[in-house]
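**Student:** Attaching a single structure in structure tokens format; questions to follow.
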Amino acid sequence: MAELDFDTVLATAVHEVKNLMGELSLNLEDYHRRHMGPETEKMLALARVLQNRLVQILILQKAGHQHLTVNADAENPAEFLDEVASEARLMLPAAIAIELQNEAEQVPFWFIDRYLVSQVLMNAIHNAGKFSRSRIVLGCQERDGGLEFSVSDDGPGYPDLPGYRAALAVENAPRGTGLGLLFNERIAQAHGGQVSRSNADGARFTLWLPK
Amino acid sequence: MYLKGKKALVIDDIAGMRSSMRTTLANLGIEDCDLASTAREAVDKMKGKFYDLIVCDYYLGDATDGQQLLELVRRTKVISHKTLFIIVTAERTQDRVVAAADFMPDDYLVKPFTADVLGKRVMTLTEKKDYFHDVYTALDHDELDAALEKLEPLLQSKNKYWVDAMRMKGEALLRLGRNAEAEKVFDAIVALKAIPWAVMGKVKALKGQNKAEEAQFLLAELLKEHSEYLAGYDMLATLFTERGDSSVAQRLVEKALELAPVTHRQKRVGQLAFQNGDLDKAQQFLSEVVEKGKYSYFKEPEDYTLLSQVHIEKGDTEQARTVLDMVNQRFRESPEIQAQVQVYKAMSWQKEGKPEQAKALLEPLLADPSKVPDGAKLDLAKACFQMDDKEAGAKLAREVIQSNHDNPELKAQTVKMLESVGLGERAQEFVSKAVEEVTVLNNRGVALAREGKLEEASQLLRDAAERLPHNVTILLNTAYVLMMSMEKSGLDEQNIALVDEYATRAETLSPTHQGLPKVRELRRKLGGGDAHG
């Protein structure tokens, strides 16, 4: 018998689970259309987060073997933000609003890998959704010759950073594994950019991409 | 409901996916939505109706994929440039698909996506299609000069469509053979970011200016950064093949094949392996191609004839004839393919030591070789040499060369063939001389035309075109000079007919030849006759 390559086994398994998840989502979506309610919405949102996670595991797995290929093309920041927001909307509880703050309107295009960058922002938005009280702001601005995307929430902020507002802490909030952050750092790196976290009336995540 | 009134076609081999996509589109307001489960069905539907939007899954089963389908319908102009073509792929195999694309779809959507995301994408892309409406109209009519004219004002503002506009400009210039200008356009993009398609555009422009070395260097750099950019390997392989180094070419295509198993690349490896004398590998790859092609919409006679040649070379002559009989069954309608089959059958008998049978098959072909396509004509020449009819062989080989004097790959093949039948070092000389004759003739015609001696130029080129009825460059130059002459001294029905005949023949022989758009453009300006387009 051939030697068991656990890495390949794992990747194949994740792949399979991801496809099954996709099927489940489709069924859920269909069900949701007919029996719309907060419960089905919640399930659907969870299914989407799960799918994104699985996709990201696969990307990370591949990145572990060879360098991550960035397929950049010219994207209009405003259109891109708009699309990310509409996709993110589906992952968030109905009570949390998502607002766009595009301060890069004069930027006609930027060379980014739309798919990878949207995964990064989706992670950040999902994370913000767990702590936010009422709104998340998805922003974009020019900074230091690069383009900076930001995700800010009005929750307590990052507990390990100054400016944390313990009084606003959500009880029993789910703790992340750090996988999302690892993914985000990797994607930023592959673009030659960087991510940062800070507290400013809530948590603020940024992804800075060079020209 | 923002897509109300749009007509859509959904292509997917899985019934559940088709109906789910139709529901999604219905939720976006699209009521007029057709479904197709195979490439064949899709093409039929596209021929009968204009679609605003085509959503096509990458995997279509039957050894066909969405990329192949897109290439087919764009190349044969079954769909308008105004039609939105979206390919749906599973996760990040996307980058492989992207990389393989010479013909890019308007967008790739990675599964899973929601109705909202699809709707947003379609809206964004529709806005872009509207912005370039006039350019697309010109492109649909192959009016490249007009397309460039329409692009010019759009390029003045560096808005969100600027990069797209530059790309279209670069591609139009490449098609017109205005390579130096194209290089500048792609350079402007590369200066912002070395994205693969822009680098590739520059490579093509360099190749068109006979700067193969520079092109090769650029490609190697690109592949270092984008090791999965398959089109890069294909292009590099082509550069090596044209230099006559088909073993490096084979290694490159094999590398690309490892990254993405696509049929056309399997065939390329088979072809190159055959040229390199690696018969077992050639057989292995080509058998697989034929096997897959059995059920595919994209099967080609060449798959079979290549395989038969490998069998002949290996001495499996009976097997070769079995394969050739399959061609006869599957591609009955084409007399050219039938002729090709006869050539290879004759070679199989010759190899078997039965020259009488071979001769019987070859005689009718030698009496009228016009039906034999150039690729097979080379083999017909080879068969003649093998049967010791050196004179007929040399004549045919010269014909092939002179009909294709600007096709480096065919030239390299001819040299190889002549070497294989024992011409040795004289092979290269033979080919160079044959090429030189045509080049001199063609250049003289062009020079005379430039000097304004249009009558003289027309006469000279017309003679050349009569002698070399399959040389596309000569045909087009003749047509062009004839029209220049008529522009000056008035229309002449006979000459118009001749121009149309040459242009049509050139188009049939080489539908994507760089000289075609220019000739068509002038033809339209001239009017008279039944100018097409």
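**Student:** Among the strands (runs of 3 or more DSSP E) confined wholly to the stretch A:135-211, which include 2 or more residues that are within 21 Å of A:L46 (Cα to Cα)?
**Tutor:** It comes to A:135-143, A:146-153.
**Student:** Go through (1) within 28 Å of the chain's Cα centre (by Cα); (2) assigned to a helix (DSSP H, G or I) one by one and return the number of the condition B:P469 breaks.
**Tutor:** So the condition that B:P469 fails would be (2).
**Student:** What number of residues in the stretch B:127-136 are away from chain A (no Cβ under 14 Å) and out of contact with any strand residue (DSSP E or B) (no Cβ under 8 Å at 6 or more places or on another chain)?
**Tutor:** 6
**Student:** Please verify whether the stretch B:160-170 includes one or more residues that are over 28 Å from B:G270 (Cα atoms), outside any helix (DSSP H, G or I) and within 14 Å of chain A (Cβ to nearest Cβ).
**Tutor:** Yes, the stretch B:160-170 has at least one match.
**Student:** Hey, another quick one. Output the residues belonging to the stretch B:305-337 that are within 23 Å of B:L366 (Cβ to Cβ) and free of Cβ contacts under 8 Å to residues at least 24 places away in the same chain.
**Tutor:** Across the stretch B:305-337, the qualifying residues are B:D325, B:N328.
**Student:** Also, I was wondering about something else. Looking only at the stretch B:114-126, count every residue that is more than 8 Å from every other protein chain (Cβ to nearest Cβ) and either over 16 Å from B:R18 (Cβ atoms) or assigned to a loop (DSSP other than H, G, I, E, B) (or both) and tell me the total.
**Tutor:** So the answer is 5.
**Student:** It is to be established whether one or more residues within the stretch B:137-158 are buried (at least 18 other Cβ atoms within 10 Å of the Cβ), within 14 Å of chain A (Cβ to nearest Cβ) and within 24 Å of the chain's Cα centre (by Cα).
**Tutor:** Looking for residues that are buried (at least 18 other Cβ atoms within 10 Å of the Cβ), within 14 Å of chain A (Cβ to nearest Cβ) and within 24 Å of the chain's Cα centre (by Cα), one finds none in the stretch B:137-158, hence no.
**Student:** Going by the structure shown, is A:P77 closer than 30 Å to A:L207 by Cα and more than 12 Å from every other protein chain (Cβ to nearest Cβ)?
**Tutor:** So A:P77 fails the test.
**Student:** Just checking: which of the helices (runs of 4 or more DSSP H) contained wholly in the stretch B:241-336 hold 3 or more residues that are among the small types (G, A, S)?
**Tutor:** Hits in the stretch B:241-336: B:246-259, B:279-293.
**Student:** Could you check A:L4 against (1) at pLDDT below 80; (2) at the interface with chain B (Cβ under 10 Å from one of its Cβ atoms) and say which number it fails?
**Tutor:** (2)
**Student:** Select from the stretch B:226-238 the residues that are farther than 21 Å from B:M417 by Cβ and outside any loop (DSSP other than H, G, I, E, B) and list them in ascending order.
**Tutor:** The answer is B:L230, B:A231, B:G232, B:Y233, B:D234, B:M235, B:L236.
**Student:** Another question, then. Of all the residues that make up the stretch A:59-74, how many are more than 22 Å from A:W208 (Cβ to Cβ) and within 9 Å of another protein chain (Cβ to nearest Cβ)?
**Tutor:** The number of residues fulfilling the criteria is 2.
Yes/no matrix, rows are residues, columns are (1) at pLDDT 90 or above; (2) assigned to a loop (DSSP other than H, G, I, E, B); (3) within 16 Å of B:L69 (Cβ to Cβ); (4) not hydrophobic (A, V, I, L, M, F, W, C):
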| site | (1), (2), (3), (4) |
| --- | --- |
| B:K4 | no, yes, no, yes |
| B:V10 | yes, no, yes, no |
| B:G16 | no, no, no, yes |
| B:S19 | no, no, no, yes |
| B:R22 | yes, no, no, yes |
| B:L25 | yes, no, no, no |
| B:L35 | yes, no, yes, no |
| B:A42 | yes, no, yes, no |
| B:M46 | yes, no, yes, no |
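**Student:** Taking the criterion of being within 24 Å of A:K211 (Cβ to Cβ), among the charged types (D, E, K, R), in contact (Cβ under 8 Å) with a residue 24 or more places away in the chain and within 10 Å of chain B (Cβ to nearest Cβ), would at least one residue in the stretch A:95-106 satisfy it?
**Tutor:** no
**Student:** Between a first residue in the stretch B:186-197 that is closer than 19 Å to A:G146 by Cα and facing another protein chain (nearest Cβ under 8 Å) and a second residue that is at pLDDT 95 or above and in a helix (DSSP H, G or I), which pairs have beta carbons less than 8 Å apart while being 6 or more apart in sequence or on different chains?
**Tutor:** B:I195/B:I189
**Student:** Restricting to the stretch B:339-353, count the residues that are free of Cβ contacts under 8 Å to residues at least 24 places away in the same chain and assigned to a helix (DSSP H, G or I).
**Tutor:** Here the count works out to 1.
**Student:** Please work out which one of (1) at the interface with chain B (Cβ under 8 Å from one of its Cβ atoms); (2) within 15 Å of A:G139 (Cα to Cα); (3) buried (at least 16 other Cβ atoms within 10 Å of the Cβ) is the condition A:S86 fails and give its number.
**Tutor:** Condition not satisfied by A:S86: (3).
**Student:** In the stretch A:61-86, how many are assigned to a helix (DSSP H, G or I) and at pLDDT 85 or above?
**Tutor:** Qualifying residue count for the region: 10.
**Student:** From A:L54, A:L28, which residue is surrounded by 15 or more Cβ atoms within 10 Å (Cβ to Cβ), closer than 22 Å to A:A124 by Cα and either assigned by TED's automatic domain parsing to the domain that holds A:P93 or within 22 Å of the chain's Cα centre (by Cα) (or both)?
**Tutor:** Only one candidate passes the filter, namely A:L54.
**Student:** Further, regarding this structure: Scan the stretch A:15-27 for residues that are within 11 Å of chain B (Cβ to nearest Cβ) and of a type outside the set (K, R) and jot them down.
**Tutor:** Matches in the stretch A:15-27: A:H15, A:N19, A:M21, A:G22, A:E23, A:L24, A:S25, A:L26, A:N27.
**Student:** When you scan the stretch B:509-516, do you find a residue that is at pLDDT 90 or above and part of a helix (DSSP H, G or I), even just one?
**Tutor:** no
**Student:** Condition first: surrounded by 13 or more Cβ atoms within 10 Å (Cβ to Cβ), in contact with a Phe, Trp or Tyr (Cβ under 8 Å, 6 or more places away or on another chain) and not charged (D, E, K, R). Can you find one or more residues in the stretch B:13-26 that meet it?
**Tutor:** Looking for residues that are surrounded by 13 or more Cβ atoms within 10 Å (Cβ to Cβ), in contact with a Phe, Trp or Tyr (Cβ under 8 Å, 6 or more places away or on another chain) and not charged (D, E, K, R), one finds none in the stretch B:13-26, hence no.
**Student:** Could you tell me how many of the residues in the stretch A:170-201 are in contact with a Ser or Thr (Cβ under 6 Å, 6 or more places away or on another chain) and surrounded by 17 or more Cβ atoms within 10 Å (Cβ to Cβ)?
**Tutor:** Counting residues in the stretch A:170-201 that are in contact with a Ser or Thr (Cβ under 6 Å, 6 or more places away or on another chain) and surrounded by 17 or more Cβ atoms within 10 Å (Cβ to Cβ) gives 0.
The values are calculated or read from the model by the stated rules, or taken from the named source; none is laboratory data. None of these values were measured; they are calculated from a predicted model. A quick note on method: Cβ atoms are made from the backbone with ideal geometry, for glycine too, and the neighbour counts reach across all protein chains shown.
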